[in-house]
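Chemist: Shown below is the structure under consideration.
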Amino acid sequence: MSQLLLFRPAHTADWPAIAMLLQRYGLPLEGAQVHLKDFIVAVNEAGDLEGVAGLERYREVGLLRSVAVAEQRRGVGAALVERILERARSLGMQQVVLLTTTAVDYFPRFGFQRIERSEAPAAVHASAEFQGACPASATVMLLRL
């Protein structure tokens, strides 16, 4: 990350830029705006969105979602994921789950392991992602905190 970035909680005013970035990567918008208060964004000095990562809270389980960056291979995505995981720990979460169709090889560096969809904690099955926003073919991954 050569450019100075500010990592902060997402604001309602960030939604249009977040939605555009998620759409650019074909990530689902369903349920994202409802959980925006638990999203973290990276913005550059000009205030432009450089990346986003979201967390949905389901009691002691979190759902990591909507990880997207404006430019890949600069460490922004990893920094966002680390911050989301710190947030999950600070909220007392015991596990974080994610669904992915494209980044199966990316998330093990954070400790995520593949699991069967049926093994995912029941609480996250209520999320929009488990209810159909993500395809049934998506890989489910779990991190125990």
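Bear in mind these aren't lab numbers, they're just calculated from the coordinates by the rules spelled out. Here the structure is a predicted model, which means the values were calculated and not measured. Backbone-built Cβ (ideal geometry, glycine too); neighbour counts: all protein chains shown.
Chemist: In the Gaussian network model of the chain, springs joining C-alpha atoms below 10 Å, which of Arg65, Arg73, Arg24 carries the largest mean-square fluctuation?
Modeler: Arg73
Chemist: Here's another thing I want to ask about it. Would you list Met93, Met141 from fewest to most Cβ contacts within 10 Å?
Modeler: With the sparsest Cβ surroundings first, the list reads Met93, Met141.
Chemist: What number does the chain give for Rg over Rh if you use C-alpha atoms and the Kirkwood radius?
Modeler: 0.93
Chemist: Here's another thing I want to ask about it. Considering the convex hull of the alpha carbon atoms of the stretch 1-74, report its projected area averaged over all viewing directions, in nm², one decimal.
Modeler: Computing the convex hull of the Cα atoms and averaging its projections yields 5.1 nm².
Chemist: Let me ask another. Got the relative contact order for the chain handy, in percent, Cα pairs under 8 Å and 6 or more residues apart?
Modeler: Over the chain, the number comes to 22 percent.
Chemist: Sticking with this structure for a sec: Would you work out which of Tyr58, Ser137, Gln72 lies farthest towards the positive end of the dipole of the chain? Charges go on Cβ: Lys and Arg +1, Asp and Glu -1.
Modeler: Tyr58
Chemist: Note down the magnitude of the dipole of the chain about its Cα centre, charges +1 on Lys and Arg C-beta and -1 on Asp and Glu C-beta and zero elsewhere, to the nearest 20 debye.
Modeler: Using only the charged Cβ atoms, the result is roughly 260 debye.
Chemist: Here is a further query. List the residues, sorted by chain then number, that are 5 or more residues from Leu29 or on another chain and whose placed amide H is less than 5 Å from its amide H.
Modeler: Close amide H contacts, sequence-distant or interchain: none at all.
Chemist: Another one. Would you kindly work out the equivalent ellipsoid of the stretch 58-137 from its C-alpha gyration tensor and give its semi-axes, the square roots of five times the eigenvalues, largest first in whole Å?
Modeler: Gyration-tensor ellipsoid for the stretch 58-137: 20, 16, 11 Å.
Chemist: Rank Ala88, Ala122, Ala70 by mean-square fluctuation in a GNM of the chain with C-alpha springs under 10 angstrom and give only the top-ranked residue.
Modeler: Ala122
Chemist: For a quick check: with amide H placed at 1.01 Å from N, whose amide H comes under 5 Å from Arg65's, ignoring anything fewer than 5 positions away on the same chain?
Modeler: Gly54, Leu55, Glu56
Chemist: Which cross-chain or sequence-distant (5 or more) residues have an amide H under 5 Å from the amide H of Ala103, H modelled 1.01 Å from N in plane?
Modeler: It is none; the list stays empty.
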